[in-house]
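Note sheet for the following structure.
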Amino acid sequence: MNLPSTLWRFIIILLSFSIKHFPLLPAGCQRFIPLGNLTVEPALPFLIGSNLTVYCHTKECKRGFRISLELNGETVNSLKKVNCTTMMFRLFNVRMPRSILICELKGVDQKPQTVNGLDLHGGLPPDKPEHIMCEMSRSSDFIDCTWERGQKTHILTTYNISVNRENGTQILLDQIQDAEEITIPRAMIDENTKYQLIITAYNHFGASQSDTFTFCVKDIVIPETPCIMQIEFGNNSMTAILQWKTSESSEHLRSDVRLRTDNAAWEVGEETELSEGLIQVDGLRPLTEYEFQMRTCDTSRSNSSKRSFCSKWSPSVAGRSPGKGPSQQLHVWRMLGSLGTNGLRMVTVLWQPPSPDDYTGAVQQYKIFLGNDQKQEVTGCAALSPCSVQVPAEVQALSISAVTLYGMSPPANVPLRLSGDVRSVLRLLAPAANGSAVFVSWSWPGKKHRSTSGGEPLHYVLEWTSVPAAELQWQKVAKDQDNTLITGLTAGVRYNVSLYAVTTRGVSAPSSRLVYSKEQKPVCGPNVSVLVHEARRIQIQWDELPVDKQKGFITNYTIYLQMLDFSNTQLSKMVSASGPRQMWLDCPEGALALQLTASTSAGEGQRGNRICSQPETPAVGLVIWTVFILTLFIAIIANLMCWSCVRERIKQKCISWGPAWLNETLPKPGNSNAIRLLEQYESELSFSSTHSDPPLSPISLISQEERDDVYPTIHVETSQVGSRPTEPTAEIPLLMSDPGTILVDSQPEHVNYKPQIATLAPQGGEVKETEEEQRDLPSFWEEDRCVRFGVLLGGFLSGVEVGFTDPPLGLTLSSDSGLLWPKTPKTTIALNGGFSLERRATENDVEADSLSLDLQQGEIMTPDTADTCSSQYTVQTTLKSGYFPQAAAVSSTALCDAQR
């Protein structure tokens, strides 16, 4: 013996000893050390349903601990103490074939200690074997016998199989445990001899023997087991076609198919034999894994023993059903549009999606075709309804199909032609009690009308929409129905319900009615207006409520009148809704307030807008008051006009309020002395043909001393009646070198130069005309009759003399565009044909531009002259187109005592 072999032998001995005395435990486990044992009476296995007595023994008595027993985790309360180390427990009617008993020591505030445990095993005696059957095929080498063993015994059961000839000779004795079938070799069996089969079952609780089963070989021969070759599923995945074969003739054979899913119980399939070797199985679900088996049965043999001569089930063949395409036609409808100029009509196609149980997957699209042959596709619409297409006017129908991944639904006809048949009539629209549905019934014309029109009804289409118009909803109804229920309606909303009959000739005209699923009170009242309001009656008019505000069919209106006086009387009048919305009402006198309400079958709604009205004032009284006021006003004006002072004041006010040009006094050309002198001068010098302007002499400036030496000064003394005896004297320098013109410079209001008209005051007729012109001046020029005179200074004179006699004179400067009153006027006397008009400052800060006209010779000299006289000086000048000789009229006007 060599060393390696000795070493290996020692290792094996050591491992064997350790396993026997120190067994290896899994990681995390501890070796259990029992503290006692458990015994059960009667001994195990026990008969299910019996009472058991259990004893728990501990090795030592421990103080402060008590013995307890748990059956399947539940504490057993029926116990009895035998001694300090033994406790007896009783278990009644134990029905569990497998149970666990655990005995423990439990102490107060102590962890329980396990004494020991025990598994309870229960069982039942075997039942009598029944339904014994032996079968064999023609080509089989064994006979298969089966039986039903009855209820489960839960313990080991043995079956003894005994086969004997009719004379009692035993040819087979076999034993099998917990089985329901046995195989007998065919070689042991004679085909022309009858045999007896007896099966005996026994276990710990008893034995049971079956009845004798007698058989002969020719009686137990069954058809050969078929074989499934192939499985094909249809387009709609609801059917499967099985292709099978058998080794014998199938002339008198009938096939059976069974199937199951997910290892569930077998179910008999709804098979249909299509041809020899082909079977169609219906009732399948899409996208499901199936397992199929089949067998064949001989129909030519008698069935007096009520046993079937069928083959064994074939081996299983599995297959998965595909998705299901839609198999039913869609419910379709349409809305016709107007015919376009291009000959195409817009048609809106409506449909209801197919039932989810009719297909699997999702609808990819809907295809619309012209006609029913599905040859010409119009368009493909998405999975949402509706879809609008343009079709030629001559097209009578469309068809539509739903397309899925697993197929397409049969085409559904969409009729476009109007039949012209007698339309169906809506008879009743009754709201349901819940307020969300309406019961609709109708009638179809009798056979007389149908024979005349030639159209038989195919189905009805009921459509409804809310008012104001909203989304159209519709429902297809079978032709044998004459009523239906519309659901999903909203209370207080008006619906327009229309019924169409689809016949073989087309679509009939609609029958329409309005309905509410439930009427409510109007949410507001109508708007009212007053047309005429007389003393004791009033004419009013009101608007119709919008449909969405009515909430029902308006049955009547209520008019409320309320007096706006201290009585606050209120009247009301009810008016039918079918009448006109304009009427006359009798009312009390005085101001009124009006309101209207609308009522439905649900009640009266809220009041409308509140308006106030009062009767119109009579026209005669208005005319009388107008005439009286006008007469009074005219009388007052007439009286005021008769007073001269009032008249003057009114005239002054009117002039002051009017524009500036209104108070200008336009000169009269007929009163022009210049024109008169020119005419006279031309008559005296008619022999001369020269009309040229006089030559202009150069202008030179001279000093004040030279002026006083060369030109004399005219002293003008003025005095006024009633004034102080001594008045200031105005010195007027005069240019004597040439016939000249006295020019009194004042402050004109405007810059425009106008030639002035010189007048001589003392002349008879001319004085009157001058006075008439002066009367046309404003009253602030004069307030009473005044005395005027003037001195005419002509361009044709060689010297000028100005004389003033009593009454005193005053100098006034006026122009056509305005009148100024300087408080301290400055006077300029120009000789040698010189003429100067300068701008001067006045009391009213009015300025005028200087205008200078140089004559042939002479110089201009402007001395300051202090004038404290209360008189006014006026110089009028007038200038027309071209050159005219100038004349200055100096008039002295004595201010008269103003009678204000």
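The values are calculated or read from the model by the stated rules, or taken from the named source; none is laboratory data. The model shown is predicted, which means the values in this text are computed figures rather than measured ones. Cβ coordinates were reconstructed from backbone atoms using ideal geometry, including for glycine residues, and neighbour counts include every protein chain displayed.
Scanning the stretch 405-441 for residues that are assigned to a loop (DSSP other than H, G, I, E, B), of a type in the set (A, V, I, L, M, F, W, C) and touching a residue at least 40 places away in the same chain (Cβ under 8 Å) yields Leu405, Leu416, Val422, Ala432. For the stretch 138-174, filtered to residues that are among the hydrophobic types (A, V, I, L, M, F, W, C) and part of a loop (DSSP other than H, G, I, E, B), the residue that is surrounded by the fewest Cβ atoms within 10 Å (Cβ to Cβ) is Leu156. Close Cβ contacts (under 9 Å, 6 or more residues apart or on different chains) running from residues in the stretch 103-122 that are closer than 23 Å to Arg31 by Cβ and in contact (Cβ under 8 Å) with a residue 60 or more places away in the chain to residues that are among the aromatic types (Phe, Trp, Tyr) and part of a strand (DSSP E or B) comprise Cys103/Phe89; Leu105/Phe65; Gln113/Phe65.
Residue check: Gly319 meets all listed conditions (1) in contact with a Gly (Cβ under 7 Å, 6 or more places away or on another chain); (2) part of a strand (DSSP E or B); (3) of a type outside the set (S, T, N, Q) but one, namely (1).
For the stretch 100-151, give me each residue that is in the same structural domain as Thr86 (by TED's automatic domain parsing) and among the hydroxyl-bearing types (Ser, Thr, Tyr). Selection gives Thr114 alone.
Based on what the data block shows, is Thr452 modelled with pLDDT under 85, surrounded by fewer than 12 Cβ atoms within 10 Å (Cβ to Cβ) and not aromatic (Phe, Trp, Tyr)? Yes: the conditions hold for Thr452.
In the stretch 282-291, is there at least one residue being among the aromatic types (Phe, Trp, Tyr), surrounded by 15 or more Cβ atoms within 10 Å (Cβ to Cβ) and not assigned by TED's automatic domain parsing to the domain that holds Thr404? Yes, because at least one residue in the stretch 282-291 is among the aromatic types (Phe, Trp, Tyr), surrounded by 15 or more Cβ atoms within 10 Å (Cβ to Cβ) and not assigned by TED's automatic domain parsing to the domain that holds Thr404. Go through the stretch 235-286 and give me each residue that's modelled with pLDDT under 85 and of a type in the set (Phe, Trp, Tyr). None - no residue of the stretch 235-286 is modelled with pLDDT under 85 and of a type in the set (Phe, Trp, Tyr), so the list stays empty.
Residues of the stretch 412-436 that are over 26 Å from Ala509 (Cβ atoms) and either of a type in the set (Gly, Ala, Ser) or surrounded by 19 or more Cβ atoms within 10 Å (Cβ to Cβ) (or both): Ala432, Ala433, Gly435, Ser436. Only one of the listed residues (Leu71, Leu44) is surrounded by 10 or more Cβ atoms within 10 Å (Cβ to Cβ), at pLDDT below 90 and on the phi < 0 side of the Ramachandran plot. That residue is Leu44.
Quick one: which of Ala602, Ala598 is in contact with a helix residue (DSSP H, G or I) (Cβ under 8 Å, 6 or more places away or on another chain), of a type in the set (A, V, I, L, M, F, W, C) and farther than 26 Å from Gln475 by Cβ? Please lay out each step first, then the result.
Details: Ala602 fails: in contact with a helix residue (DSSP H, G or I) (Cβ under 8 Å, 6 or more places away or on another chain).
Exactly one of Ala602, Ala598 is in contact with a helix residue (DSSP H, G or I) (Cβ under 8 Å, 6 or more places away or on another chain), of a type in the set (A, V, I, L, M, F, W, C) and farther than 26 Å from Gln475 by Cβ, namely Ala598.
Within the stretch 175-189, track down each residue that is assigned to a loop (DSSP other than H, G, I, E, B) and either touching a Gly at 6+ places or on another chain (Cβ under 8 Å) or surrounded by fewer than 12 Cβ atoms within 10 Å (Cβ to Cβ) (or both). Talk me through it step by step, then tell me what you get.
Step one: list which residues in the stretch 175-189 are assigned to a loop (DSSP other than H, G, I, E, B), which gives 178-180, 189.
Answer for the stretch 175-189, where residues must be assigned to a loop (DSSP other than H, G, I, E, B) and either touching a Gly at 6+ places or on another chain (Cβ under 8 Å) or surrounded by fewer than 12 Cβ atoms within 10 Å (Cβ to Cβ) (or both): there is none.
Within the stretch 95-113, being over 18 Å from Asn203 (Cβ atoms) and surrounded by 15 or more Cβ atoms within 10 Å (Cβ to Cβ) holds for Ser99, Leu101, Ile102, Cys103, Glu104, Leu105.
Out of the residues in the stretch 220-248 that are in contact with a strand residue (DSSP E or B) (Cβ under 7 Å, 6 or more places away or on another chain) and acidic (Asp, Glu), which is surrounded by the fewest Cβ atoms within 10 Å (Cβ to Cβ)? Filtering the stretch 220-248 for residues that are in contact with a strand residue (DSSP E or B) (Cβ under 7 Å, 6 or more places away or on another chain) and acidic (Asp, Glu), the one surrounded by the fewest Cβ atoms within 10 Å (Cβ to Cβ) comes out as Glu232. Evaluated against (1) free of Cβ contacts under 8 Å to residues at least 40 places away in the same chain; (2) at positive phi, Gly206 falls short on exactly one condition, (1). Checking the structure you have, find out if any residue of the stretch 124-144 is within 19 Å of Ala207 (Cβ to Cβ) and among the hydrophobic types (A, V, I, L, M, F, W, C). Checked against the condition, which is being within 19 Å of Ala207 (Cβ to Cβ) and among the hydrophobic types (A, V, I, L, M, F, W, C), the stretch 124-144 yields at least one hit. If you go through the stretch 572-595 and pick out every residue that is part of a strand (DSSP E or B) and within 21 Å of Arg536 (Cβ to Cβ), you end up with 13. Can you name the residue in the stretch 481-515 that is touching an Asp or Glu at 6+ places or on another chain (Cβ under 6 Å) and assigned to a strand (DSSP E or B) and, of all such residues, is surrounded by the most Cβ atoms within 10 Å (Cβ to Cβ)? The qualifying residue surrounded by the most Cβ atoms within 10 Å (Cβ to Cβ) is Thr503. Taken residue by residue, the stretch 391-399 has no member that is hydrophobic (A, V, I, L, M, F, W, C), in a strand (DSSP E or B) and assigned by TED's automatic domain parsing to the domain that holds Ala501.
Scanning the stretch 263-290 for residues that are touching a Ser or Thr at 6+ places or on another chain (Cβ under 9 Å) and not in a strand (DSSP E or B) turns up Glu276, Gly277, Gly283, Leu284, Arg285, Pro286, Leu287, Thr288. Among residues of the stretch 91-104 being more than 15 Å from Leu44 (Cα to Cα) and assigned to a strand (DSSP E or B), the one that is nearest to the chain's Cα centre (by Cα) is Ile102.
From Arg494, Arg537, Arg513, Arg505, which residue is within 24 Å of the chain's Cα centre (by Cα) and of a type in the set (D, E, K, R)? Write out each step before concluding.
Details: Arg537 fails: within 24 Å of the chain's Cα centre (by Cα); Arg513 fails: within 24 Å of the chain's Cα centre (by Cα); Arg505 fails: within 24 Å of the chain's Cα centre (by Cα).
The conditions single out Arg494.
For the stretch 382-409, a tally of residues being loosely packed, with under 15 Cβ neighbours inside 10 Å and modelled with pLDDT of 90 or more returns 0. Taking Asn192, is it assigned to a loop (DSSP other than H, G, I, E, B) and either of a type in the set (Lys, Arg) or touching a Lys or Arg at 6+ places or on another chain (Cβ under 9 Å) (or both)? Yes.
Could you check, for the stretch 57-67, whether at least one of its residues is in the same structural domain as Val115 (by TED's automatic domain parsing), assigned to a loop (DSSP other than H, G, I, E, B), at pLDDT 90 or above and over 14 Å from Thr114 (Cα atoms)? Among the residues of the stretch 57-67, not one is in the same structural domain as Val115 (by TED's automatic domain parsing), assigned to a loop (DSSP other than H, G, I, E, B), at pLDDT 90 or above and over 14 Å from Thr114 (Cα atoms), which makes the answer no.
Total residues in the stretch 364-378 satisfying the condition of being at pLDDT 85 or above and surrounded by fewer than 17 Cβ atoms within 10 Å (Cβ to Cβ): the figure is 2.
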